[in-house]
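The values are calculated or read from the model by the stated rules, or taken from the named source; none is laboratory data. Since the structure is predicted, the reported quantities are computational estimates derived from the model, not experimental observations. So basically every Cβ, Gly included, is an ideal-geometry build from the backbone, and we count neighbours across all protein chains shown.
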């Protein structure tokens, strides 16, 4: 694979999607190409190079999951034991079902926890206080019943790491995983005695109808570090991928074949439509049995990250960007790599690009209403002859309904790839009771009196 060709295509595709800066690493199994383009901050001259650190967002979860499975391989954690057995603060939970939640449930997003629980003080660093507050919350669903993507669950796993190791999450991650891999990513919320000398890319928002990319702060509650807190380069992600493909020199020492296989096997209960073709403990599964790739995607305020690797061939791809439109850039990169001969798998929900029309168009009436996941409430309403979805955080998306209660939702307030989702009916009544958007489930609320 020609480095110059890849660099030229990344530059052109980044410009097409108004992404100020990006990194792309491609390993074919036999050769590696690493390229970077653009600037770390729009309007400033500092270029992105291959060592620049980008916010990984939820790709952090793959690191936290690997650390947790390392502890399981050492016998320090039983993945099928309720986490309340390890965390005393969960033993008197408001919802008795929390006592059934296991580490495996949390790794596969099948624990029934709400998606995005936050403490009142975003600067609070105590995971103990965080999990104590989780114990006061109701569950969205019974553990093991279905998939609902939950940052909350991974923050609880960070607390499990602390309880088992006696170290802070970032200390355990550094000592047990990052340093042995030879990695030095930017760890969040560490002390002043542990400064990072790496250049950090700044986030940017791209808004429809507004030219250019606009700098935005990348804000993250301190207790969300285990779910979304790392910053690193695409080359760092390739090193991590080599651990999972067994090609890193320390692979067998850090994660043996049995536990790599565990992390690469999809959970039958984890129907992750809209995000991936399946979900294993800590990793999404992409493509079919004949071309199964694993990895994770991440989004943060003003940035995106995508990681894919193929355990059989050792091939891997990592893309980091500093704009909301990085999700669209990723789709273009996947198509470009396929044209160059690398068949990277990605989730294709299989929905048509446009709406059903005429007499075949689905009636929106059965899906209209409000749907809640914790404090997040999605409203689905008629709007100018169509359907619009919104929430109280500023999300506004036009909804295209498809047969079988499937839908696509395209944000009108941000330039990015559309979400795929679906409405789920009750098995007994047939009435729609759940909305699933970007992997998160939300339960339908009773109509207001």
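Tell me yes or no: at least one residue of the stretch 45-53 is in the same structural domain as residue 149 (by TED's automatic domain parsing), more than 26 Å from residue 210 (Cβ to Cβ) and buried (at least 20 other Cβ atoms within 10 Å of the Cβ).
yes
Identify the residue in the stretch 298-310 that is touching a helix residue (DSSP H, G or I) at 6+ places or on another chain (Cβ under 7 Å) and surrounded by fewer than 24 Cβ atoms within 10 Å (Cβ to Cβ) and, among all such residues, is farthest from residue 244 (Cα to Cα).
Selected residue: 299.
Report yes if residue 238 is modelled with pLDDT of 95 or more and out of contact with any helix residue (DSSP H, G or I) (no Cβ under 8 Å at 6 or more places or on another chain), otherwise no.
It is true that residue 238 is modelled with pLDDT of 95 or more and out of contact with any helix residue (DSSP H, G or I) (no Cβ under 8 Å at 6 or more places or on another chain).
Yes/no matrix, rows are residues, columns are (1) within 29 Å of residue 440 (Cα to Cα); (2) modelled with pLDDT of 85 or more; (3) assigned by TED's automatic domain parsing to the domain that holds residue 321; (4) surrounded by fewer than 23 Cβ atoms within 10 Å (Cβ to Cβ):
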residue	(1), (2), (3), (4)
160	yes, yes, yes, no
176	no, yes, yes, yes
190	no, no, yes, yes
207	yes, no, yes, yes
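Rundown of residues vs (1) over 19 Å from the mean Cα position of the chain (by Cα); (2) at pLDDT below 95; (3) in the same structural domain as residue 49 (by TED's automatic domain parsing), yes/no style:
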site: 139; (1), (2), (3): yes, no, yes
site: 149; (1), (2), (3): no, no, yes
site: 187; (1), (2), (3): no, yes, yes
site: 216; (1), (2), (3): yes, yes, yes
site: 253; (1), (2), (3): yes, no, yes
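Going residue by residue through the stretch 203-222, is there one that turns out to be touching a helix residue (DSSP H, G or I) at 6+ places or on another chain (Cβ under 7 Å) and touching a residue at least 24 places away in the same chain (Cβ under 8 Å)?
Yes, the stretch 203-222 contains a residue that is touching a helix residue (DSSP H, G or I) at 6+ places or on another chain (Cβ under 7 Å) and touching a residue at least 24 places away in the same chain (Cβ under 8 Å).
Residues to consider are 346, 297; find the one that is touching a residue at least 12 places away in the same chain (Cβ under 8 Å), touching a strand residue (DSSP E or B) at 6+ places or on another chain (Cβ under 6 Å) and either assigned to a loop (DSSP other than H, G, I, E, B) or not assigned by TED's automatic domain parsing to the domain that holds residue 259 (or both).
Going through 346, 297 in turn, the sole match is 346.
Here is a list: 435, 424. Which entry is touching a helix residue (DSSP H, G or I) at 6+ places or on another chain (Cβ under 9 Å), surrounded by fewer than 22 Cβ atoms within 10 Å (Cβ to Cβ), on the phi < 0 side of the Ramachandran plot and assigned to a strand (DSSP E or B)?
Step by step, each of 435, 424 is checked, and only 424 is touching a helix residue (DSSP H, G or I) at 6+ places or on another chain (Cβ under 9 Å), surrounded by fewer than 22 Cβ atoms within 10 Å (Cβ to Cβ), on the phi < 0 side of the Ramachandran plot and assigned to a strand (DSSP E or B).
Looking for whichever is farther than 26 Å from residue 391 by Cα, in contact with a helix residue (DSSP H, G or I) (Cβ under 9 Å, 6 or more places away or on another chain) and either crowded, with 24+ Cβ neighbours inside 10 Å or modelled with pLDDT under 95 (or both) here; the options are 109, 105. Which one fits?
Answer to the selection: 105.
For residue 12, state whether it is farther than 24 Å from residue 222 by Cα, loosely packed, with under 15 Cβ neighbours inside 10 Å and modelled with pLDDT of 95 or more.
yes
Residue by residue, here is whether (1) in contact with a strand residue (DSSP E or B) (Cβ under 8 Å, 6 or more places away or on another chain); (2) in contact (Cβ under 8 Å) with a residue 40 or more places away in the chain; (3) closer than 17 Å to residue 115 by Cβ; (4) not assigned by TED's automatic domain parsing to the domain that holds residue 329 holds:
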position	(1), (2), (3), (4)
366	yes, yes, no, yes
371	yes, yes, yes, yes
378	yes, yes, yes, yes
386	yes, no, no, yes
393	yes, no, yes, yes
413	yes, yes, no, yes
422	yes, yes, yes, yes
426	yes, no, no, yes
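Being within 18 Å of residue 420 (Cβ to Cβ), within 12 Å of the chain's Cα centre (by Cα) and not assigned by TED's automatic domain parsing to the domain that holds residue 406 narrows it down to one of 278, 288, 284, so name that one.
284
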